[in-house]
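A.B. asks: Take a look at this one; I'll ask things after.
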Amino acid sequence: MTIHLEDMQVIYQHPESLLNVNTHYCPGCTHGVAHRLVAEVIDEMNLRNDCIGVASVGCSVFAYNYFDFDFIQSPHGRAPAMATGVKRVHPDKVVLTYQGDGDMISIGTAEITHAAARGENITVIFINNANYGMTGGQMAPTTLPGQKTTSSPKGRDVEQAGYPIRASEMLATLDGAGYIARRSLHDPKNIRLAKKAIRTAFETQVRGLGFSMVELLSICPTNWHLNPAASTRWLEENMLPYYPLGDYKVHPALKDLKF
Amino acid sequence: MPLSGTIVVDENLCKACELCIVNCPAQVIALDKSRITPRGFHPASLYKEGCTGCGTCSVVCPEAAITVYREKRTEKESNA
Ligand SMILES: Cc1ncc(C[n+]2csc(CCOP(=O)(O)OP(=O)(O)O)c2C)c(N)n1
Ligand code: SF4
Ligand code: SF4
Ligand code: SF4
């Protein structure tokens, strides 16, 4: 069978808001999927020239090298504070932060909590991979009870290290939050749902409905010492029960949103 | 019969993670062990017929390396 590509319709192609460059992410790391979804939504909403990203510290520290729109990079945990300033100076721009769990809910807990409490009109993409990826797989606030990491080699002991933080549930209690959802990147169906949530989060900001965040459960094959496919199964079996997927805050004005 | 499709993998981007391979409903992707990418990986590629152009592989690819094509519905109908 001879296939003529020019006679066929394109079902999927590389998003314009993502540069056509090699990333430094490990093979299979779903930071790449999260990047792709953000870029697809920015394309769909035609926001590429009106968008400013704030990268954090962690494996996604070089995100500004991968997105084809304006991007800055903040000190560890401070992306929501920086995004607050950017958004207040440029209220007509769409401003997002892209943060890992070590960045956002460990060293950056104060910044994220107060940005949500103030109802800052920014969008946070929060990657929960249950460890500190960049520095070699140490325990994060999101590390599961009993989970082995380089700094909890016998498994997280809750007597000593306390319990994981469910950031979406926690931030959803704040009145300034307009949209908070948790999704997962472990299979095609959930990736499609994650994209819809990211779209909803940006719509929240465009409509001025307050702080928005999408938490994305993500795999870290390198530090989990599993191949990418086995990592998706580990996520499904271990993270989903502790971090239930769903919408934790939906502003009433978003209820009739359709796309 | 499902419409037929095909994929083109950008070998500069593919990192051989195999997520497209395990998620393809038609099971038509494999790593091509006869080739090696500039970054030193065996790239994913179609190894047999049966791709429907469903796009699932592109949904899971962390590198946005896959372009998916599908035969146009109207042509299929007019050919039928
Ligand atoms: C002030 C400061 N403290 C500590 C570090 C070291 N450090 C770099 S990345 C990181 C954690 C990153 O983990 P996470 O946010 O979960 O992102 P991931 O790498 O898993 O994507 C830490 C503690 C730093 N760079 N700066
Ligand atoms: S260390 Fe983990 S989070 Fe970082 S790029 Fe590698 S797989 Fe991804
Ligand atoms: S488009 Fe669908 S059938 Fe074709 S290779 Fe990708 S996942 Fe498989
Ligand atoms: S999912 Fe993408 S990066 Fe992974 S093997 Fe397939 S084409 Fe390559």
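The values are calculated or read from the model by the stated rules, or taken from the named source; none is laboratory data. These figures come from a predicted structure and were not determined experimentally. Using ideal geometry, Cβ is built from the backbone for each residue, glycine included, and neighbour counts are taken over all protein chains shown. We work out accessible area using only protein heavy atoms, side chains counted, and drop any ligands, DNA or RNA first. Shrake-Rupley method; radii C 1.70, N 1.55, O 1.52, S 1.80 Å.
A.B. asks: Using a 10 Å cut-off around each Cβ of peptide A:221-234, what is the average number of partner chain Cβ atoms that fall inside?
C.D. replies: Mean shielding count: 2.
A.B. asks: Next question. Just to be sure I follow: if Rg is taken over the C-alpha atoms of region A:45-157 and Rh is the Kirkwood radius over the same atoms, what is Rg/Rh?
C.D. replies: Here the Rg-to-Rh quotient is 1.04.
A.B. asks: Can I ask one more? Could you calculate, for region A:113-157, the ratio of the Cα radius of gyration to the Kirkwood radius, expressed as Rg to Rh?
C.D. replies: Radius of gyration over Kirkwood radius for region A:113-157 works out to 1.17.
A.B. asks: Now for a separate question. Express in whole angstrom the spacing between the alpha-carbon centres of region A:191-221 and region B:16-50.
C.D. replies: Each part reduced to its Cα centre gives a spacing of 30 Å.
A.B. asks: Counting partner chain Cβ atoms within 10 Å of every residue's Cβ in A:20-32, what's the average?
C.D. replies: 5
A.B. asks: Moving on to the next point. Divide by every residue of chain A the summed helix terms, -39500 (n - 2.57) for each DSSP H run of at least 4, and state the resulting mean residue ellipticity at 222 nm, rounded to the nearest 500 deg cm²/dmol.
C.D. replies: For chain A, the value works out to -8000 deg cm²/dmol.
A.B. asks: Tally Lys/Arg at +1 and Asp/Glu at -1 over every other residue whose Cβ is under 13 Å from the Cβ of residue A:80; what's the total?
C.D. replies: With Lys, Arg at +1 and Asp, Glu at -1, the net is +1.
A.B. asks: Right, something else. Residue A:23: net charge of surrounding residues, Cβ under 12 Å, Lys/Arg +1, Asp/Glu -1, itself excluded?
C.D. replies: +2
A.B. asks: Just how many pairs of Lys in chain A have C-alpha atoms closer than 21 Å, counting pairs that are eight or more places apart or on different chains?
C.D. replies: Taking chain A as the scope, the lysine pair count is 10.
A.B. asks: Return the aspartates and glutamates within reach of residue B:48: Cα separation strictly under 13 angstrom, same-chain partners fewer than 8 residues apart disregarded; answer none if there are no such residues.
C.D. replies: B:32
A.B. asks: How much of the pair distance distribution for region B:3-79 lies past 21 Å, counting alpha-carbon pairs only, in percent?
C.D. replies: Of the Cα pairs, 26 percent sit more than 21 Å apart.
A.B. asks: If the viscosity is 1.567 mPa s and the temperature 4 °C, what translational diffusion coefficient in µm²/s does Stokes-Einstein give for region A:165-259 when Rh comes from Kirkwood over Cα pairs?
C.D. replies: Translational diffusion coefficient: 92 µm²/s.
A.B. asks: Whole number please: convex hull volume per residue, Cα atoms of the protein assembly as shown, in Å³.
C.D. replies: Spread over its residues, the Cα hull of the protein assembly as shown gives 142 Å³ apiece.
A.B. asks: Between beta-carbons, use under 9 Å as the cut-off and find the net charge around residue A:214, counting Lys and Arg +1, Asp and Glu -1.
C.D. replies: +1
A.B. asks: Still on this model: Over all pairs of distinct alpha carbons, what does the Kirkwood formula give as the hydrodynamic radius of region A:16-62, in Å?
C.D. replies: About 11.7 Å for region A:16-62.
A.B. asks: Here is a further query. Take peptides A:14-24, A:130-140 and line them up by average Cβ neighbours within 10 Å, highest first, as a rough protection proxy.
C.D. replies: A:130-140, A:14-24
A.B. asks: Let me ask something else. Where does chain B land at 222 nm, in deg cm²/dmol rounded to the nearest 500, when only DSSP H runs of n ≥ 4 count, each adding -39500 (n - 2.57), divided by all residues?
C.D. replies: Mean residue ellipticity at 222 nm (helix-derived): -4500 deg cm²/dmol.
A.B. asks: Let me ask something else. Could you work out the mean projected area of the convex hull around the alpha carbons of region A:1-94, in square nanometres to one decimal?
C.D. replies: Projected area, direction-averaged: 8.0 nm².
A.B. asks: Heavy atoms only, probe 1.4 Å: what % of the accessible area of region A:15-252 goes to carbon and sulfur, would you let me know?
C.D. replies: Ligands and nucleic acids excluded, carbon and sulfur reach 53 percent.
A.B. asks: How long is the gain from residue A:170 to residue A:62 if the chain were fully straight, where each residue apart is worth 0.36 nm and the alpha carbon distance is subtracted?
C.D. replies: In short, 36.1 nm is gained.
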